[in-house]
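Working notes for the structure below.
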Amino acid sequence: MQGFAEKAVVVFSWIMTILLCLFVFLFIGYLLIQGLPSLGRELIFGQADPLQALLGRARVFDGIFPAIVGTLCLVELSATLAVPVGVCSGIYLAEYAGPGMKKLSGMFFDILAGIPSIVIGLFGFSLAVFLHNHFDDRIGPCLLISSLSLAILVLPYIVRSTQISLEELSPGIRRTGLALGANKLQNITYVLIPNALSGISSGIILAVGRCAEDTAVMLLTGVVATAGVPSSLLSQYEALPFYIYYISNQYTNPEELAGGYGASLILLGVCAFLFMLAYGMKKHLSYWTLYRA
Amino acid sequence: MIFSRETIAKNVFLFCTLASTVTISSILLFMIALGLPLFQESSFLSIWTGPWDPYQGLYGIRPMISGTLWIALPATALSLPLSLGTSFVITSLGGRELRRMLGALVRFMTGIPTVIYGFVGIFLLMPLIREGFGGAGMCVLAAVIVLAILISPTMILFFSDSLLSVDPGDVQAAKALGADRAQRLLYIIMPKALNGMISGFILALGRALGDTLISLMLAGNAIRAPRGFLEPARTLTAHIALVNAADFNSLEFRSIFTCGIALYLFTTTAVIAVRFIGRKKSVMQ
């Protein structure tokens, strides 16, 4: 009887594995079949001349160029906001903080990593409304607010990956610099950070990947269907993931739908590449990216 | 000179840490402050458990809580066997090459954007459900299936990680006593890895509760507690996403903050539970 149960577990495991692989391949295969034909210059630039569009002289109306630019701006801005703060916090927690502080802030960052992204979007939205009512009525949901919310969203990945990769360093590396007469700050900047760099950068890459794909935050903080290339920090913008969401809801003809498949394929390519790159650099750091909903 | 630089650096680092911590607390405070008018308007309990009927001035979020549970719990339950089986194959049953490839596949899955799961769900799964079961296709079932696949990498990675972290000495001892792969897995590795696996399960549940895009795109978003898998439902997250920002001061609008608070509490409880389980594990070792 026991033997039977053991065999059953083995068979069950294989069936489940095959099922999962089947799902994923069906999924990717479907996307490839539908999306590949639409990839091309037309998809990105529409009828406009690519060179003119890149130089900002021509507006692109029926391509996803503005959405790509919007996504890049968003990622760039959020990374600028989140990376310095995150890395510094990580260094403080790993090198300076006492055990009590470590424990408390560890819990704080775990909680932040667990908050659903829509709640962080809601926070950004309320912040925009608050600023609008109390300071300047030109402020509304915009590129800046979105980037700020996304920065909050990805902050825990950067903090924890920095902290963990510094703490993982062997005591040998940690003490050599000090023994040679370096002070604590010199030891951190010249020895510890260079040694932990692969872990820290894998955290940053994961953060960038999340910024590029998190639709829920953008949904509440200023993304719109048609805005063109963003002109200022306070303007609304287009983004690739929102474009996909919008098309799935509002497409009116097969060409638009094909554009949605093409955009999905591009976004999938970018995000999958970033995630695989991060995993390749540091295998074990990434579990808690997955806390995020 | 060097001393002062050291102090400055330390204070900058400390400031960043404090700024990040303050941000996290302010998210909750912000939501409570903005949701306050609703709490004053109706009794505390009725906000959470009461019905949704704007014409009667009732803004209970029970239909949304029920929708969230109807989607998140079955999705996690469906994902559990898938993840268990796959993590068994990844950690002990498969050959070396297969394990490596499966591991890469699961990691790749974590990199697939949520909106793309939703997009493919609409155009691939929805027609199948429409043909198979009838109805509009936008229903709890569609969201459950896609969500189960979405959260499975979380569970698989946590499961395999805790299965692999069992002391190899114990496993070798069982091997020396003649236990085969399945026996080692079931009687030696599994019991020792149970705590870590429960953590993974809770975190995946947290992910399912907090996911916005899948239920928004696939579940139909009707404000009514679903009574079956083929009925549409609206989750807490989708309710926030669908808010109409035209009237910031209306009570209907304020209700999204109660949803926000509910989600915050759900996921915070999950994280604290996981930390508690983790601590118990380290004490035992």
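In region B:102-215, counting only helices (runs of 4 or more DSSP H) that sit wholly within it, the ones holding 1 or more residues that are surrounded by fewer than 20 Cβ atoms within 10 Å (Cβ to Cβ) and of a type in the set (S, T, N, Q) span B:168-176, B:190-210.
Exactly one residue among A:Ser264, A:Ser248, A:Ser231 is touching a residue at least 40 places away in the same chain (Cβ under 8 Å) and either part of a loop (DSSP other than H, G, I, E, B) or not aliphatic (A, V, I, L, M) (or both), and that residue is A:Ser264.
Going by the conditions given, is A:Gln47 of a type outside the set (A, V, I, L, M) and part of a helix (DSSP H, G or I)? Steps first, answer last, please.
Details: of a type outside the set (A, V, I, L, M): yes; part of a helix (DSSP H, G or I): no.
Against the criterion (of a type outside the set (A, V, I, L, M) and part of a helix (DSSP H, G or I)), A:Gln47 does not qualify.
Can you tell me which residue is farthest from the other protein chains (Cβ to nearest Cβ) among those in region B:86-114 that are among the basic types (Lys, Arg) and over 22 Å from the mean Cα position of the chain (by Cα)? Only one residue tops the list, namely B:Arg96. Listed here are the helices (runs of 4 or more DSSP H) enclosed by region A:104-197 that have at least 2 residues being more than 30 Å from B:Ile202 (Cα to Cα) and of a type in the set (D, E, K, R): A:171-179. State whether one or more residues within region A:4-21 are without any contact (Cβ under 8 Å) to a residue 40 or more places away in the chain, exposed (fewer than 12 other Cβ atoms within 10 Å of the Cβ) and among the aromatic types (Phe, Trp, Tyr). Yes - at least one qualifying residue is present in region A:4-21.
Within the set of pairs 6 or more residues apart or between chains, which connect a residue that is free of Cβ contacts under 8 Å to residues at least 12 places away in the same chain inside region A:52-63 to a residue that is loosely packed, with under 14 Cβ neighbours inside 10 Å with Cβ atoms less than 8 Å apart? Cβ pairs passing all conditions: A:Ala58/A:Asp49; A:Ala58/A:Gln52. Would you confirm whether or not region B:18-25 contains a residue that is under 25 Å from the mean Cα position of the chain (by Cα), closer than 25 Å to B:Ile214 by Cβ and modelled with pLDDT of 75 or more? Looking through region B:18-25, none of the residues is under 25 Å from the mean Cα position of the chain (by Cα), closer than 25 Å to B:Ile214 by Cβ and modelled with pLDDT of 75 or more.
When we screen A:Pro171, A:Pro141, A:Pro116 for residues that are at pLDDT 85 or above and touching a Leu at 6+ places or on another chain (Cβ under 9 Å), the only hit is A:Pro116. Could you please let me know if A:Phe61 is aromatic (Phe, Trp, Tyr) and touching a Ser or Thr at 6+ places or on another chain (Cβ under 8 Å)? No: the conditions fail for A:Phe61. A Cβ distance below 9 Å, combined with a sequence gap of six or more or placement on separate chains, defines the contacts here; from region A:96-107, residues that are within 8 Å of chain B (Cβ to nearest Cβ) reach residues that are at pLDDT 85 or above and outside any helix (DSSP H, G or I) in the pairs A:Ser105/A:Ala97. Does region A:121-162 hold any residues that are within 7 Å of another protein chain (Cβ to nearest Cβ), closer than 30 Å to A:Ala94 by Cα and aliphatic (A, V, I, L, M), and which are they? Passing the criteria: A:Ile152, A:Leu155, A:Val159. Restricting A:Ala5, A:Ala48 to residues that are over 28 Å from the mean Cα position of the chain (by Cα) and facing chain B (nearest Cβ under 10 Å) narrows the list to A:Ala5.
Pairs are defined by a Cβ separation below 6 Å, a sequence spacing of at least 6 or placement on different chains, a first member in region B:260-273 that is surrounded by fewer than 21 Cβ atoms within 10 Å (Cβ to Cβ), and a second member that is basic (Lys, Arg); no pair meets this definition. Scanning region B:130-156 for residues that are farther than 19 Å from A:Cys21 by Cβ and at pLDDT 90 or above gives B:Val140, B:Leu141, B:Ala142, B:Ala143, B:Val144.
The values are calculated or read from the model by the stated rules, or taken from the named source; none is laboratory data. Computed from a predicted model, the values in this text were never measured in an experiment. Cβ coordinates were reconstructed from backbone atoms using ideal geometry, including for glycine residues, and neighbour counts include every protein chain displayed.
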